[in-house]
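Q: Here you go, one structure.
Please treat every number below as a calculation from the coordinates, not as lab data. A quick note: this is a predicted structure, and the numbers were derived from the prediction, not measured. With ideal geometry, Cβ positions are generated from the backbone for all residues, glycine too; neighbour counts draw on all protein chains shown.
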Amino acid sequence: MLKVYLLRHGETAYNADGNRYCGRTDIELTTKGLRQAKFVCDQLSDMKIDAVYSSPLLRTKKTAEIASGKREVFIDNRLIEVDFGNWEGKTKAEFIAENASLWTNWMDAPETNKAGGTGESATEIVDRVTSFFDEMMLKHRNQTIMVVGHNGINRLFMASKLGMPLKNYRQLAQQNSSITEIEFDEDGVMTLRLLNGKI
């Protein structure tokens, strides 16, 4: 069994500015984002956490450092956000106005279409995140870990493990720096215990 506190990073300026798509752009947390991470730390202060993992980007590393109570944070590149290609730095309204078919194709079949035309497919994303969690299940058997990632990768991974069509991943809404609790049994079956909750 593996228990995971799966966080999305705290708020960034891109989140606050019409939810601009922020994949690999390396930006900091806002003041609100820092407060959100501290709130998670307060909630988890009495919980045993055996290890903390983060995407290599600043917004996730800072969230992990604060939310985990200054524990050592291990960086794993497999947790980096989606490569959004031509959508990077734009709002959905902006990039749909530029090329609506890219969005339609992604929403119809993200498994085979690349985000923003030149980014990653959902299959590529799920494969790398699954590789990370498969390793964690071996490395941290019967332990609890914190993983700080991103909205895109977290939702696509959870959708895949819950048996949802990947095109429905947006029906899982993960808020900035909120606690999502998932658990893997001995066979690797994932159970979603808590979504955007309070411990």
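Q: Need the failing condition index for ALA67 against (1) loosely packed, with under 14 Cβ neighbours inside 10 Å; (2) closer than 17 Å to THR180 by Cβ; (3) of a type in the set (Gly, Ala, Ser), just the number.
A: Only one criterion in (1) loosely packed, with under 14 Cβ neighbours inside 10 Å; (2) closer than 17 Å to THR180 by Cβ; (3) of a type in the set (Gly, Ala, Ser) is unmet by ALA67, namely (1).
Q: While we're here: Could you check how many residues of segment 31-58 are buried (at least 17 other Cβ atoms within 10 Å of the Cβ), polar (S, T, N, Q) and touching a strand residue (DSSP E or B) at 6+ places or on another chain (Cβ under 7 Å)?
A: Within segment 31-58, residues that are buried (at least 17 other Cβ atoms within 10 Å of the Cβ), polar (S, T, N, Q) and touching a strand residue (DSSP E or B) at 6+ places or on another chain (Cβ under 7 Å) number 2.
Q: Could you list all residues from segment 4-30 that are buried (at least 20 other Cβ atoms within 10 Å of the Cβ) and either assigned to a strand (DSSP E or B) or of a type in the set (Gly, Ala, Ser) (or both)?
A: Within segment 4-30, VAL4, TYR5, LEU6, LEU7, ARG8, GLY10, THR12, GLY23, LEU29 meet the criteria.
Q: Search segment 1-17 for residues that are closer than 16 Å to PHE133 by Cβ and pair each with any residue that is of a type in the set (Val, Ile, Thr) and not in a strand (DSSP E or B) when their beta-carbon atoms are under 8 Å apart and the residues are at least 6 apart or on different chains.
A: Pairs that qualify, where the first residue is closer than 16 Å to PHE133 by Cβ and the partner is of a type in the set (Val, Ile, Thr) and not in a strand (DSSP E or B), are TYR5/ILE49; LEU7/VAL40; LEU7/THR63.
Q: Looking only at segment 134-183, which residues are of a type in the set (Ser, Thr, Tyr) and either crowded, with 19+ Cβ neighbours inside 10 Å or part of a helix (DSSP H, G or I) (or both)? Walk me through how you get there before you give the answer.
A: Pass one, segment 134-183, residues of a type in the set (Ser, Thr, Tyr): 144, 160, 169, 177-178, 180.
Result: SER160, TYR169, SER177, SER178, THR180.
Q: Within segment 88-126, which residues are within 24 Å of LEU58 (Cβ to Cβ) and within 18 Å of the chain's Cα centre (by Cα)?
A: Across segment 88-126, the qualifying residues are GLU88, GLY89, ALA115, GLY119, GLU120, GLU124, ILE125.
Q: Quick check on segment 184-199: of everything there that is hydrophobic (A, V, I, L, M, F, W, C) and outside any loop (DSSP other than H, G, I, E, B), which residue is nearest to GLY116 (Cα to Cα)?
A: Step one: filter segment 184-199 for residues hydrophobic (A, V, I, L, M, F, W, C), giving 184, 189-190, 192, 194-195, 199.
So of that shortlist, the ones also outside any loop (DSSP other than H, G, I, E, B) come out as 184, 190, 192, 194-195.
On the way: PHE184: 32, MET190: 29, LEU192: 29, LEU194: 31, LEU195: 28 Å.
My answer is LEU195.
Q: Moving to a separate point now. Look at ALA93 and say whether it is touching a His at 6+ places or on another chain (Cβ under 9 Å) and either in a strand (DSSP E or B) or among the aliphatic types (A, V, I, L, M) (or both).
A: The answer is no for ALA93.
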